Amino acid sequence: MQTHQAKRVAIIIEQVMQSRLTDAMTDAGVTGWTVLPVLGGSGQSGAWSREGQISRGTGMVQVVCVIRPERLDELLEAAFAVVERHIGIVSVSDCEVLRAERF
Amino acid sequence: MQTHQAKRVAIIIEQVMQSRLTDAMTDAGVTGWTVLPVLGGSGQSGAWSREGQISRGTGMVQVVCVIRPERLDELLEAAFAVVERHIGIVSVSDCEVLRAERF
Amino acid sequence: MQTHQAKRVAIIIEQVMQSRLTDAMTDAGVTGWTVLPVLGGSGQSGAWSREGQISRGTGMVQVVCVIRPERLDELLEAAFAVVERHIGIVSVSDCEVLRAERF
Amino acid sequence: MDQILSLAAANLLSPIILSFALGVAAALARSDLNIPEAVAKGMSIYLLFAIGFKGGVSVADHGLDVTLGLSLLAGVVLSAVLPLIAFALLQVMGNLSRLDAAAVAAHYGSISIVTFVAATSVLEGSGIASEGYMVAVAAAMEAPAILSALWLISRGGDSRRMDSDLLREIMLNGSIVLLVGSFLIGWVTGAEGLAKIEAFIVSPFQGVLCLFLLDMGLVAGRGLRGGSGVLRPGVLTFGMVMPLVGATLGLGTGLLLGLTTGGVALFMVLSASASYIAVPAAMRVALPEANPSIYLTLSLGVTFPFNLTLGIPIYVAVASALTGG
Amino acid sequence: MDQILSLAAANLLSPIILSFALGVAAALARSDLNIPEAVAKGMSIYLLFAIGFKGGVSVADHGLDVTLGLSLLAGVVLSAVLPLIAFALLQVMGNLSRLDAAAVAAHYGSISIVTFVAATSVLEGSGIASEGYMVAVAAAMEAPAILSALWLISRGGDSRRMDSDLLREIMLNGSIVLLVGSFLIGWVTGAEGLAKIEAFIVSPFQGVLCLFLLDMGLVAGRGLRGGSGVLRPGVLTFGMVMPLVGATLGLGTGLLLGLTTGGVALFMVLSASASYIAVPAAMRVALPEANPSIYLTLSLGVTFPFNLTLGIPIYVAVASALTGG
Amino acid sequence: MDQILSLAAANLLSPIILSFALGVAAALARSDLNIPEAVAKGMSIYLLFAIGFKGGVSVADHGLDVTLGLSLLAGVVLSAVLPLIAFALLQVMGNLSRLDAAAVAAHYGSISIVTFVAATSVLEGSGIASEGYMVAVAAAMEAPAILSALWLISRGGDSRRMDSDLLREIMLNGSIVLLVGSFLIGWVTGAEGLAKIEAFIVSPFQGVLCLFLLDMGLVAGRGLRGGSGVLRPGVLTFGMVMPLVGATLGLGTGLLLGLTTGGVALFMVLSASASYIAVPAAMRVALPEANPSIYLTLSLGVTFPFNLTLGIPIYVAVASALTGG
Ligand SMILES: Nc1ncnc2c1ncn2[C@@H]1O[C@H](COP(=O)(O)O)[C@@H](O)[C@H]1O
Ligand SMILES: Nc1ncnc2c1ncn2[C@@H]1O[C@H](COP(=O)(O)O)[C@@H](O)[C@H]1O
Ligand SMILES: Nc1ncnc2c1ncn2[C@@H]1O[C@H](COP(=O)(O)O)[C@@H](O)[C@H]1O
Ligand code: NA
Ligand code: NA
Ligand code: NA
């Protein structure tokens, strides 16, 4: 099938920063993303889990964004400005998409 | 370690279409996939979130399928037939897998 | 933006094996990972779903680990030792990350 | 008129309505207050189970009214006919595409079970009896409207919208199955069964309803914040006129069937209310091109609060006046 | 016999059993009715906490029976022995691999706490008393069966199935910890403690049990739909014969210990029931090659409904007859 | 002293405290017992709604005390001042960075609503009355501490920590909105409203609190297991000294305001308790470099259990002695 080059950006970021990240993405002209829940994890700041938690203070989400290659830099800059002082991982991989007209 | 070339297909699709998609994948001879929950997102049709929702009418899931490269086209055609008229994103990336005999 | 080569390892593994996997990863010197929930899936051992389940016996999670390329083999060996006799998928893809100093 | 006003005032200041208002206010103010999806679904399962069970017990208690069959039939017909009226109205009032109009119409033929539950609370609070099987009528009215709406679209030359999978999904929708199932269980086990689980399904019912309406308010408020832009004045007006049209048809039907005051009021409520559980899901499958913001905002953000605050007192008062109840 | 029949009839038409049946029917008809995982887990935590607490309070009330220690011991032995019998039976009746047979056997040595809860409801409904500490016996019977099954496998030359992590996971399984913990809390706080939380753990109990069994029915029905193919007639028969074998052993044990009618009946129920919480998780770790469809379908889809509908009334009637209760 | 001891003993053996202890023990023993996040959040919503509503009803019943306004003001001031004291104390006792110290300080100025709820249970159990509006004071004390802590940091030359988004998030935090909202609903609907939902928000309250504290124990135990390494003795001591300092200030305030015995005790409890819902979230946004293990372990793992077990009985006894209650 006919596919198109694109970039898949996966940003693992603290829950409390999610709306700031997506606001920044919107400001950078990115209009499509999907938010996935995260159960727990581990990193330099130790291990965590959402089990039984009631505060939004602990925990992360993953924001996935499929984007045209030429828009990547804008997105990364917007994302970087938000995660800069915060914990979080921004990874980018190549992918191909069906229906590029939707992006 | 010994790894094998494969394709990782990630399909973000409306919850109501999930069983239709996996049925179509089964018909196309694809037998392995995993369904991930999605919390919310944004796109041309606006923003949504599963928070507090009770209807299956709003919301998406992500179906992930790791597949041998030679089976990719069949999968994409099956998936495309389902998402064609619906909102949703089909992205494909290269990956390597352990234990290819399991696919 | 300045990005760095890395590998993204996604391990779909049974929930009951999660702590064994992450312990093995820790032993292999891997310190960062994120655990994503999984709703259901299908494979050689049939279809499953977490809907309404109360036992930890059914169901999988996805452990995602972004890692420097030179550390990949250690991680794969550790992961393989755990999944070897169990169902589960280990896939690796190339990616680029911001802030490599965090890994 | 006096009765309407005093009922409306009592209604507006009930914990249920105020909880809904709190939810709407919190969402509009962009508070992060939210109820987890699993908890919201759990509460909706509780409410459906309780209301179905109590309806069944009431049928077991009072014996089977001869009008049960007729009421079910009338419900099905109403549900099938209301979308045609809604569709016609929308073509006069709104400026929607055929697809959007049909999708909206489907919602107004179907019913909102929470509106029904809120109305039974008001009736109980006022000591007005109603037929226990009205909950079965509610279940019967969920699905026909969807078929009507798809027929409207297929008449326009657009076909292949319905397949057997979709039909099964619509008919065996979780809320229909739970409502009918618990109704039957209540019917079979009767007062004895009720005695066993009364402390679960009767006593805490109103309180759960408060939290559930808090959640509905949060979802409605978020919908209004995001979707208010899509509602032109004509469509907005439709969201408050259509319930009155539906209620009038429900009134006529209830009177024709010779129901009790409460039964007539509930028939009005069912006809006046718009779905936001079963129908949106069916629309996403069958009419994916229809804009969900329109029908969700209209149904949950406009008609639901309208019925909850003004509609129910009006319907109860009118039913009381006309049945001499 | 008459008692069995009337008990069975009353049992079959109770809201609890009918809710289970509704769940099975909905799943078989492929309705999308489902209860969120978090809600199902929440209900199971509630049930474990309530049943443990009430058991502890009852021990605090009636003083410590001298047979408590013996009953716990007997429970442990039964749990360890039953898998050996089950394994032997399966080699006669079924056609399973050693691994699958051992995995199934582990389930039948362990217990199903919901079957236990349902049985206590039936006993309460019939006004039959039982020892409060039977809930501690239930907890004691959860784990030994797993060790027996792993011993069966290791005897076959297959080793390294058990490590200290697994042992801790088995012994400190959430349901054991919660059951034992709330039992101790109930024991310590006694009637005074119960008075404080009675409105939470006693009054709504039956109702929560209904919704929980609805969920169990949905899961069992889905399992039957997907897993029925793996069950050959021999294995299926085992799923209904083994409970009777277990119940007979439980009966003997209960009589030997000189328990009350209710205590004997509960010993039968525990021995007759098969696990579907703790054991499946342990099997996935220790015997990953065993096919989960077999043991899950058998335990939850065959034996659980068998015990729920026919087993419990039989066990209660037999215990009543033989203890003169 | 006798009263303290007997209160403390009664308190320590209450189902609530024992449930918390069970949770801590299960987590330390690494049991897999856990309560799903959605269920924990659902319970916290229930508790907030119930406590707010009951506070509002009590104000409706007893009329508006003239001291309400003063109490709110005093609460705001206390919440703003306590972080300064905590910060100073930490610089003497702990060895934390300015950022970590400020983050910890913010937690101790703010309040823990579950500690408040547990204290009201103890008061009710002892038949000690308190002002219904104390729940509004609790809401008023949630946020000011955060602003104080950020001011402490900005004084150190570090700026741009606060923006309007964050301010809105802090002020319209879900728990504040729900507490204030349900307080207002209770106030408006009064005893009549309470009668409707009493079976939901009053009777089962203690039982839900048990399960909720079980969950808190699990989370605290997990935190202690992972975070105990970060707590040096000085910081640990702070976690038990600061509550006493806070309680003393709360005592003075309560006495100055001329509150009832219960009101004084609750003021002490609020001042002594440390936040673990609203403040941690605000700290992650505003002071992401501060180490969450420190403030979470200290607040939930040290101060919360301290207040729950020893603190509350002390505060109640002291308030009783000094108000002659
Ligand atoms: N290498 C990694 N791969 C995947 N997720 C990671 C990685 N490192 C950190 N994370 C996630 O980011 C969170 C914070 O990481 P850190 O800032 O290193 O403590 C962790 O708890 C994980 O959920
Ligand atoms: N570029 C994208 N990257 C990731 N997810 C997307 C993207 N575009 C859309 N989505 C997801 O698909 C849903 C529907 O998209 P749309 O059809 O554009 O409204 C959105 O709500 C997102 O969850
Ligand atoms: N090709 C695949 N792609 C993605 N997930 C898979 C695939 N195969 C198996 N899985 C997941 O792994 C589980 C066990 O697979 P299996 O061992 O094949 O039964 C399935 O239920 C899926 O959740
Ligand atoms: Na309607
Ligand atoms: Na057994
Ligand atoms: Na404080």
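A compact table of results
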| read-out | value |
| --- | --- |
| Exposure proxy order (Cβ contacts within 10 Å, fewest to most) of A:GLU96, A:GLU70, E:GLU142 | A:GLU70, A:GLU96, E:GLU142 |
| Proximal lysines to F:LYS54, defined as alpha-carbon separation beneath 19 angstrom and excluding residues fewer than eight positions away on the same chain | E:LYS196, F:LYS196 |
| For the protein assembly as shown, share of DSSP beta bridges that run antiparallel, in % to the nearest 5 | 100 |
| Chain E shape via C-alpha gyration tensor axes, a/c threshold 1.5 | rounded |
| Cβ-placed point charges (K, R +1; D, E -1), dipole of segment D:2-323 about Cα centre in debye, nearest 20 | 680 |
| Rounded tilt (10° steps) of C:18-27 against the dominant C-alpha axis of chain C | 30 |
| For segment D:42-151, convex hull of alpha carbons as volume per residue, Å³ | 121 |
| Likely footprinting exposure, D:PHE53, E:PHE205, B:PHE103, fewest C-beta neighbours within 10 Å first | B:PHE103, E:PHE205, D:PHE53 |
| Check: chain C dipole with +1 on Lys, Arg Cβ and -1 on Asp, Glu Cβ, in debye | 260 |
| Sites E:GLU192 and E:ARG161, calculated FRET efficiency, Cβ-Cβ separation with R0 45 Å, nearest 0.05 | 0.45 |
| Over segment F:186-288: Kirkwood hydrodynamic radius from C-alpha pairwise inverse distances, Å | 17.2 |
| Averaged over F:47-59, number of beta-carbon atoms from partner chains that fall within 10 Å | 1 |
| Residue exposure sequence - D:SER275, C:SER55, E:SER112, D:SER164 - by fewest surrounding Cβ within 10 Å | D:SER164, C:SER55, E:SER112, D:SER275 |
| Reachable lysines, given that their alpha-carbon falls under 26 Å from the alpha-carbon of A:LYS7 and they are not under 8 places away in the same chain | B:LYS7, C:LYS7 |
| Nearest beta-carbon to the D/E symmetry axis - residue in chain D, distance in Å | D:ALA38, 2 |
| Crossing angle, helix C:72-83 versus chain C [Cα axis fit, 0-90 degrees, rounded to tens] | 10 |
| Summed residue charge, Cβ within 15 Å of D:THR260's Cβ, Lys/Arg positive, Asp/Glu negative | -4 |
| Label point distance in nm, F:THR67-A:ASP23, each placed 7 Å from Cα along Cα→Cβ | 4.1 |
| Per-copy distances of the F:GLY190 label point, shortest first, in nm (7 angstrom along Cα→Cβ) | 4.3, 4.3 |
| Kirkwood hydrodynamic radius of segment F:11-89, from inverse mean 1/r over distinct Cα pairs, in Å | 16.8 |
| Span-rule helices in chain F, defined as complete DSSP H runs reaching 30 Å or more along the axis (Cα) with Kyte mean at least -0.5 | F:37-62, F:67-93, F:205-227, F:233-257 |
| Cβ-vector label at 7 Å, E:ASP158, separations to other copies in nm | 5.7, 5.7 |
| Candidates F:VAL202, F:VAL77, F:VAL235: whichever shows maximal mean-square fluctuation once chain F is modelled as a Gaussian network with Cα springs under 10 Å | F:VAL202 |
| Only Lys, Arg (+1) and Asp, Glu (-1) charged, at Cβ; segment F:96-181 dipole about Cα centre in debye | 280 |
| Whole-number percent relative contact order across segment E:2-323, with pairs defined as alpha carbons under 8 Å at least 6 apart | 33 |
| Neighbouring partner chain Cβ atoms per residue of B:15-22, average, 10 Å criterion | 4 |
| Most positive-pole-ward Cα, D:LEU310, D:PHE267, D:LEU322, against dipole of chain D from beta carbon charges | D:LEU310 |
| Intensity falloff of segment A:4-102 expressed as log10 I(q)/I(0), Debye formula with alpha-carbon point scatterers, at q = 0.13 Å⁻¹ | -0.47 |
| Alpha carbon centroid spacing (whole Å) that separates segment C:50-88 from segment B:59-76 | 20 |
| Label spacing, shortest first and in nm, from F:GLY125 to its equivalents in the remaining copies (7 angstrom along Cα→Cβ) | 3.6, 3.6 |
| Evaluated at q = 0.05, 0.07, 0.08, 0.09 Å⁻¹: base-10 log I(q)/I(0), Debye formula over Cα of the protein assembly as shown | -0.35, -0.72, -0.97, -1.27 |
| Chain D: most fluctuating residue of D:ALA140, D:ALA191, D:ALA265 per GNM, C-alpha cutoff 10 Å | D:ALA191 |
| Most to least packed among F:207-215, D:256-264 [average Cβ atoms within 10 Å] | F:207-215, D:256-264 |
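Here, each number is a calculation from the coordinates, and none is a lab measurement. Not measured: the values here are computed from a predicted model. When we count neighbours, we look across all protein chains shown, and the Cβ atoms used for this are built from the backbone with ideal geometry, even at glycine.
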